[in-house]
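For reference, the structure is listed below as structure tokens.
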Amino acid sequence: GHRVIKIVDVPLREMSIKLFRSYFSPSMHYIFPLIAYQQKLNGLDFRSTQLWGVMLGDTDGGHPIGAVAWRKRKPLIPIQNEESEASSLTMRSPLPNTMNTLEVLFIAVWENYRHTECGGALVEALENEARKSGCKYMYVEIGREQPLARKFWGGLGFMPVTQVGIDKEQMIFFQNSCLRFADTEQFVKVLTNKRKYMEHSGN
């Protein structure tokens, strides 16, 4: 079995930095310590980011062999100012169809353990968390030249945003709220049932 670790200690933070640096672009290397220690620098704010690990087996011994960095993204609700008529016209509450999203920033498992389904166990735990906290989407970016990653996420029910029928407001929300990369494609998993989602998006 697998055990997902949700209580983070320094060894897990340090392991995640090494792990992510091993498998992601060198241009991202300075970001991983910020993510691991929930810090903010130069306009990048990872203070709300969570880090989870995964171990093989259910015992307390052993070390994490994989990690995921994630965060919840919610629409900001602007404050209405009753004194100024102009501001009440310009300030609008978020559109109801801009849905809460669980964003997967980085996920990796050491290569020797790739076939132990630890990555799937992490994503399953994230999906439970997303549903529990009322998120309507799970969101991840996948490198265009990464067929294995596409296969992994596709097998877990994620699809390119272009195939899901995401409306314009939601796309703007993803653009502005999620960490965007130049060479990736946006994938989502819709966490409502199909019928409700079709009604919701007006299709």
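The values are calculated or read from the model by the stated rules, or taken from the named source; none is laboratory data. Since we're looking at a predicted model, the values are computed, not measured. Virtual Cβ from ideal backbone geometry, glycine too; neighbours counted across all protein chains shown. Ligands, DNA and RNA are stripped out before the accessible areas are found, and what is left, the full protein with its side chains, is counted by its heavy atoms. Shrake-Rupley method; radii C 1.70, N 1.55, O 1.52, S 1.80 Å.
For the reader, a short list of remarks on this structure follows.
- Cβ-derived FRET efficiency at R0 35 Å, residue 124 paired with residue 163, nearest 0.05: 0.95
- Inter-label distance, residue 182 to residue 30: 1.5 nm, where each label sits 7 Å from its Cα along the C-beta direction.
- Among the listed pairs 74/168; 74/136; 18/189, a Cα-Cα separation exceeding 22 Å is found for 18/189.
- Largest accessible area first, the residues 172, 107 order themselves as 172, 107 under a 1.4 Å probe with ligands, DNA and RNA left out.
- Residue 18-residue 44 FRET efficiency (beta carbon distance; Förster radius 22 Å; 0.05 resolution): 0.65
- Annotation: amide H-H contacts under 5 Å for residue 106 (H modelled 1.01 Å from N, sequence separation of 5 or more, or interchain): 69.
- If the chain linking residue 114 and residue 145 were pulled fully straight, counting 0.36 nm for each residue of separation and taking away their Cα-Cα distance, it would gain 9.3 nm.
- Mean separation of Cα contacts under 8 Å, 6 or more apart, over the residue count of the range 1-73: relative contact order %: 37 percent
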